[in-house]
1. Assuming R0 = 30 Å, can you tell me the calculated FRET efficiency for the pair SER90 and GLU29, based on Cβ-Cβ distance, to the nearest 0.05?
2. How large is the direction-averaged shadow of the alpha-carbon convex hull of region 82-173, in nm²?
3. If ARG43, ARG52, ARG10 are ordered by their accessible area, calculated over protein heavy atoms with a 1.4 Å probe, which sequence runs from highest to lowest?
4. Send over a whole-number figure in Å² for the accessible area per residue of region 86-162, probe 1.4 Å.
5. Order THR40, THR92, THR14, THR23, most accessible first, counting only protein heavy atoms with a 1.4 angstrom probe.
6. Report the accessible area of VAL168, computed with a 1.4 Å probe over the heavy atoms of all protein chains in place, in Å² rounded to the nearest 10.
7. Work out Dmax and Rg for region 97-143 from the C-alpha atoms and quote the Rg first, both in angstrom.
8. Tell me, what HN-Hα J-couplings in whole Hz come from the Karplus equation 6.51 cos²θ - 1.76 cosθ + 1.60 at θ = phi - 60° for each residue of region 29-39, using x for Gly and Pro?
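The values are calculated or read from the model by the stated rules, or taken from the named source; none is laboratory data. Given the structure is predicted, the values throughout are model-derived calculations rather than measurements. When we count neighbours, we look across all protein chains shown, and the Cβ atoms used for this are built from the backbone with ideal geometry, even at glycine. These accessible areas exclude ligands, DNA and RNA; they are computed on the full protein's heavy atoms, side chains included. Shrake-Rupley method; radii C 1.70, N 1.55, O 1.52, S 1.80 Å.
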Amino acid sequence: MRPDLLEVLREPGTYSELRLEPTKSDNGEVLEGELVSIETGKRYPIRDGIVRFVGDDAYADSFGLQWNEFSKVQIDSHNGARYSQDRFESETTWTEADLRDKWVLDAGCGAGRFSEIAASKGARLISLDYSRAVDAARANLIDRYPNVQFIQGDILNLPFAPGALDFVFSIGV
């Protein structure tokens, strides 16, 4: 995670501000460390550059396994197709002018198929998934899109300040 994510992040449920305690960084990205709630003191780990607001949960394990095993199948830049781009553009109707430099959430990102499209339009994109599929999304996108950040979290208990996001989408979840 990059520290600018703290502009929009809050503790899920309390909306308390979070303090960053990095232990390993590279090129301005925090790869390991913790976020600490200023109000409750609860700690949320950052592992492999991903903020983890949920623990490993057996119910979501199969999704994480699926998207890590078949991580590139639906990624347009890997399969040479435009299926994800066409679907994203038809379902959201958002243009590059709409998204450029805006905070955008992909809620339920899977391996990052629609995150790739929003990132290519210049969004300050947050890719969130409950499962370890978020690890596949990071692996697919981090080297090409420095404007994307990744969170393992619950879409029913989001870790954002109210009104902090400009756009939210959830396609195929």
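1. Details: r = 33 Å, r/R0 = 1.10.
Computed FRET efficiency for SER90 and GLU29 comes out at 0.35.
2. Details: hull surface 21.7 nm².
That works out to 5.4 nm².
3. Numbers: ARG43 110, ARG52 5, ARG10 40 Å².
Output order, biggest surface exposure first: ARG43, ARG10, ARG52.
4. 37 Å²
5. THR23, THR40, THR14, THR92
6. Here the accessible area works out near 80 Å².
7. Cα-based Rg and Dmax for region 97-143 come out at 10.0, 31 Å.
8. Per-residue couplings from phi come out as 9, 7, 8, 9, x, 8, 9, 10, 5, 5, 7 Hz.
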